[in-house]
Amino acid sequence: MRSIRSPQIRLLSLLKLIADKNRSEHHPRGRLTRVPYVFASEQTARFNRYTLNVGAARRAMAAGGNPTDQEDLNMFTTLTGFPGSLFDELDRIQREMDGSFSERGLPSSIRAAAGRGFPPLNVGTTPEAMEVFVFVPGVDSSGLEISLDKGVLTIAGTRDDGIPEGGERLDVYKRERFHGAFKRVISLSEDVDPAQVKADYRDGVLRITAPRRARAQPQRIEVK
Amino acid sequence: MNDKNVKKQEQQQTPKPVATLLPDVDVWEDAAVITLTADLPGVSNKGLSVRVDNDTLLVDGDATLDMPEGMEAVYAEVRTPHFRRSFALSRELDAARIDAKLKDGVLTITIPKAETAKPHRIEVRSG
């Protein structure tokens, strides 16, 4: 979907960014208290490199030493890079835009949640079965509840993000991963056989195979 | 090193543009380490690369799904199998002792702080 990105969309993204400014859930930096150790995006680092390198080189030359701009760069990233940088933010918005535009391509499910639902899922079909891939990393497979009723598939569970609760000297810089209880519901075709459904969890992807009933499978009709 | 050189160097490092997903991450810090967890569903040890280069931590993962032959996509929310995200490390971190672990599609990276950077109390002497 990258091909549809146009300057207009970029501009829209920026406008949306401004509109979003006060929404705290997307603005971890609103709660930011300190910045000594910092992760910044690669883009931020590059930006810093472009803008700050001249000064670094000049200082290094004045000192008569080898330009160790890397050290200066570290210092500047520490000072200017902050979690949830502008570029990350743009990326997130772009992702949302992609999400909403992509619905023009394939029909979206009537139960699809606005924005990004957790867990994301892909659905495929073969003549014999429907295949659902649920991207749900980091859960205990025994804690997943999967049910199929009249062609409606429900996947529910809980995920813990593993961040320790309020320990001493604990600072959380990013909390993007979904945590808590989740549930997704999609409708498969009516002809799947609930008794035959198989589920397999590997590398954080839950694959659900729902075979169609034998008589619902496509058959070749002879013309006499 | 002047600006032009830096730009050139970066162009060489920049890989071919491939549609990639920005994995969701959590980052937190306690007194001794910074921990980063990233969602990389479908990525196995084989498809994962974690690199530290010039104080940049780069996570690159390719998801593999075993799809049956002749499957047609009906609906898709995850549209590319490539995950990529990078982070600038700061000097206080000990990049040589980074530990990475992948379980059930969640990558956990722990980066210890250099001994000298750990918080310590400074005694104030009297007199």
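The values are calculated or read from the model by the stated rules, or taken from the named source; none is laboratory data. Since the structure is predicted, the reported quantities are computational estimates derived from the model, not experimental observations. Quick reminder, even Gly has a Cβ in these numbers, built from the backbone with ideal geometry, and neighbours come from all protein chains shown. The area values use the complete protein model at the heavy-atom level, side chains included, leaving out ligands, DNA and RNA. Shrake-Rupley method; radii C 1.70, N 1.55, O 1.52, S 1.80 Å.
Are there GluC sites (Glu not before Pro) in segment A:134-224 that DSSP puts in a loop and that have at most 10 other Cβ atoms within 10 Å, and which ones? Mind showing how you got there, number by number?
Numbers: sites: A:GLU145, A:GLU165, A:GLU168, A:GLU176, A:GLU190, A:GLU222; in loops: A:GLU165, A:GLU168, A:GLU176, A:GLU190, A:GLU222.
Hits after loop and neighbour filter: A:GLU165, A:GLU168, A:GLU222.
Quick one: if the Förster radius is 41 Å, what FRET efficiency do B:TYR75 and B:THR116 give, using the C-beta to C-beta distance and rounding to 0.05?
Numbers: r = 53 Å, r/R0 = 1.29.
The formula returns an efficiency of 0.20 here.
Across the residues of B:100-111, average count of Cβ atoms on other protein chains within 10 Å? Numbers along the way, then the final one.
Numbers: counts 0, 0, 3, 4, 11, 10, 9, 3, 2, 0, 0, 2.
So the per-residue partner count for this stretch is 4.
Normalised radius of gyration for segment A:178-224, please: alpha carbon Rg relative to 2.2 N^0.38 Å, two decimal places.
Numbers: Rg = 16.2 Å, N = 47, 2.2 N^0.38 = 9.5 Å.
Rg over 2.2 N^0.38 Å, computed on Cα atoms: 1.70.
Based on Cα positions only, what radius of gyration and what Dmax would you give for segment B:15-118, in angstroms?
Cα-based Rg and Dmax for segment B:15-118 come out at 15.9, 58 Å.
Within segment A:140-224, what is the number of lysine pairs with alpha carbons under 25 Å apart, leaving out pairs fewer than eight places apart on the same chain? Intermediate values should be presented prior to the final figure.
Working: A:LYS150/A:LYS183; A:LYS150/A:LYS198; A:LYS174/A:LYS183; A:LYS183/A:LYS198.
The result is 4.
Once you charge only the Cβ atoms, +1 for Lys and Arg and -1 for Asp and Glu, what is the size of the charge dipole of segment A:110-208 about its Cα centre, to the nearest 20 debye? Could the numbers behind the result be given before it?
Details: 13 positive and 16 negative charges, 69 e Å.
With Lys and Arg at +1 and Asp and Glu at -1, about 320 debye.
Please report, in debye to the nearest 20, how large the charge dipole of chain B is about its Cα centre when each Lys and Arg carries +1 at its beta carbon and each Asp and Glu carries -1 there.
Values: 17 positive and 21 negative charges, 129 e Å.
About 620 debye.
Probe 1.4 Å, all protein chains in place: accessible area of B:LYS103 in Å², nearest 10?
About 130 Å², rounded to the nearest 10.
Counting helices only, and only those DSSP H runs with n ≥ 4, report the 222 nm mean residue ellipticity of chain B as the sum of -39,500 (n - 2.57) divided by its residues, in deg cm²/dmol to the nearest 500.
Result for chain B, helices only: -2500 deg cm²/dmol.
For chain B, with a Gaussian network of springs between Cα atoms less than 10 Å apart, report the residue from B:PRO112, B:PRO68, B:PRO41 with the top mean-square fluctuation.
Its mean-square fluctuation being the largest, the pick is B:PRO68.
Given a 1.4 Å probe and heavy atoms of the protein chains only, how would you sort A:SER142, A:SER147, B:SER49, B:SER86, largest accessible area at the top?
Working: A:SER142 95, A:SER147 60, B:SER49 40, B:SER86 15 Å².
I get A:SER142, A:SER147, B:SER49, B:SER86, largest accessible area first.
As an exercise, use a Förster radius of 56 Å and the Cβ-Cβ distance of B:VAL124 and A:ALA156 to find the FRET efficiency, rounded to the nearest 0.05.
Numbers: r = 56 Å, r/R0 = 1.01.
Rounded to the nearest 0.05, the efficiency is 0.50.
By the scheme Lys and Arg +1, Asp and Glu -1, what is the net charge of all other residues having a beta-carbon under 12 Å from that of B:LEU65?
-3
Pop the C-beta distance of A:ALA214 and B:ARG51 into the FRET formula with R0 = 56 Å and round what comes out to the nearest 0.05. Show your work: numbers first, answer last.
Details: r = 50 Å, r/R0 = 0.90.
Taking R0 as 56 Å, the efficiency between A:ALA214 and B:ARG51 is 0.65.
Using a 10 Å cut-off on Cβ to Cβ distances, tally the other chain neighbours for every residue of B:79-86 and report the average as a whole number.
Working: counts 8, 2, 0, 0, 0, 1, 4, 6.
Per residue, the number of nearby Cβ atoms from other chains is 3 on average.
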